[in-house]
1. Using 0.36 nm per residue of separation minus the Cα-Cα distance, give me the extension gain between THR3 and LEU87 in nm, one decimal.
2. Express the carbon and sulfur contribution to the solvent-accessible surface of the range 65-111 as a percent, rounded to the nearest whole number, probe 1.4 angstrom.
3. With only Lys, Arg, Asp and Glu charged, each at its Cβ (+1 for the first two, -1 for the last two), find how big the charge dipole of the range 64-118 is about the Cα centre; round to the nearest 20 debye.
4. Just flag the chymotrypsin sites (Phe, Trp or Tyr not before Pro) in the range 47-107 sitting in loop per DSSP whose Cβ has no more than 16 other Cβ atoms within 10 Å.
5. Taking DSSP loops as anything outside H, G, I, E and B, show the longest stretch in the chain free of GluC sites (Glu not before Pro) there with at most 14 other beta carbons within 10 Å.
6. About the Cα centre of the range 1-59, how large is the charge dipole given +1 on each Lys and Arg Cβ and -1 on each Asp and Glu Cβ? Please answer in debye to the nearest 20.
7. Measure off, as a whole percent, the carbon and sulfur share of the 1.4 Å-probe accessible area of the range 3-47, all protein chains present.
8. With the dipole of the chain worked out from charges on the C-beta (+1 for Lys and Arg, -1 for Asp and Glu) around the Cα centre, which of SER101, PHE12, LEU59 lies farthest toward the positive end?
Amino acid sequence: PLTIGSIKEDQFVMEQEQEMPPIFKHMRGSTNGFLYEGELWFVGHIVDYSTPRHYYHCLVILDAKTLVYKYHSELFTFQGEKIEYCLGLVVEKERILMTYSCWDRTAILAVYDKAYLY
């Protein structure tokens, strides 16, 4: 489940919990949330623990006021490299910008037409 809470007196206090689609059982976080037109956008990833690992990414969108899950994209890779890690996300009207690295040794900016990923 998606668990939302706050830190009070150095303790996590759960405020909301909601069931998620089964794919989220394997989802890990990558980016911070980006607020866009009443939605919070994130990039998450799923790891195939082969040797070497394979990373697959996914856009996740929550309602910004209620924090209720709205949508997730299909899984995607940036370049098809086995190890890709995304840390940055900017959402615009027609574009999505993401920063990522391959094999922890590059810094790359990817710019996508929003319709391509969403």
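1. Full extension from THR3 to LEU87 adds 28.1 nm.
2. Carbon-and-sulfur percentage of accessible area, whole number: 53.
3. About 220 debye.
4. TYR49, TRP103
5. With GluC sites (Glu not before Pro) excluded where exposed in loops, the chain gives 38-73 as its longest stretch.
6. In total the dipole reaches around 340 debye.
7. 52
8. Farthest along the dipole direction, towards plus: SER101.
The values are calculated or read from the model by the stated rules, or taken from the named source; none is laboratory data. None of these values were measured; they are calculated from a predicted model. Glycine gets a Cβ as well: all are built from the backbone with ideal geometry, and neighbour counts include every protein chain shown. Only protein heavy atoms, including side chains, enter the accessible area calculation; ligands, DNA and RNA are left aside. Shrake-Rupley method; radii C 1.70, N 1.55, O 1.52, S 1.80 Å.
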